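Read the structure below first, then the notes.
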Amino acid sequence: MDETKLTAALPNLDIQILHRDDPERGTETIAIQITATPSFGALSGMTGPALLASANPMLALWAAPMRMWSDTMRQIWAPWLRLTPPRKP
């Protein structure tokens with residue numbers, strides 16, 4: 001089984017991406033682990049109702065990889081979501 005691990009240590013945020021390829025089973029796995037210090041709940045309490053990255057430069061450093069991750073996930077899921085029928089109210 002082949003395994004590739006990417007890690008990033010940002011201020012108050014650790015990101016680990018693990019890619020495993022198992023040719024015997026014909027599978028591939030990608031796992032993303034994000035660890036925030038303080039916790040995500042504590043961070044949401046610190047930001048309040050308005051997220052102003054310009055008011056806190058450390059918050060801007062934390063928000064950039066999260067924004068990139070969410071944009072990437074949106075792009076990855078877009079083809080699959082287009083296959084689902086629209087919801088009826």
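Every read-out reported here was derived from the displayed coordinates using simple, explicitly stated rules and does not represent laboratory data. Every value quoted in this text rests on a predicted model; they were computed, and no experiment measured them. Reconstructed Cβ throughout: ideal geometry from the backbone, glycine too, with neighbour counts over all protein chains shown.
Below are the figures for this structure:
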item: Residue 74-residue 3 FRET efficiency (beta carbon distance; Förster radius 22 Å; 0.05 resolution); result: 0.20
item: Note, ³J(HN,Hα) from phi for the range 9-21, Karplus 6.51, -1.76, 1.60, rounded to Hz, x at Gly and Pro; result: 10, 9, x, 6, 8, 10, 10, 10, 10, 10, 10, 10, 10
item: Backbone HN-Hα couplings from phi across the range 72-84 [Karplus 6.51/-1.76/1.60, Hz, Gly and Pro as x]; result: 5, 5, 4, 5, 5, 7, 3, x, 5, 5, 5, 7, 7
item: Sequence-distant residues sharing a close amide H with residue 12 (under 5 Å, placed H); result: none
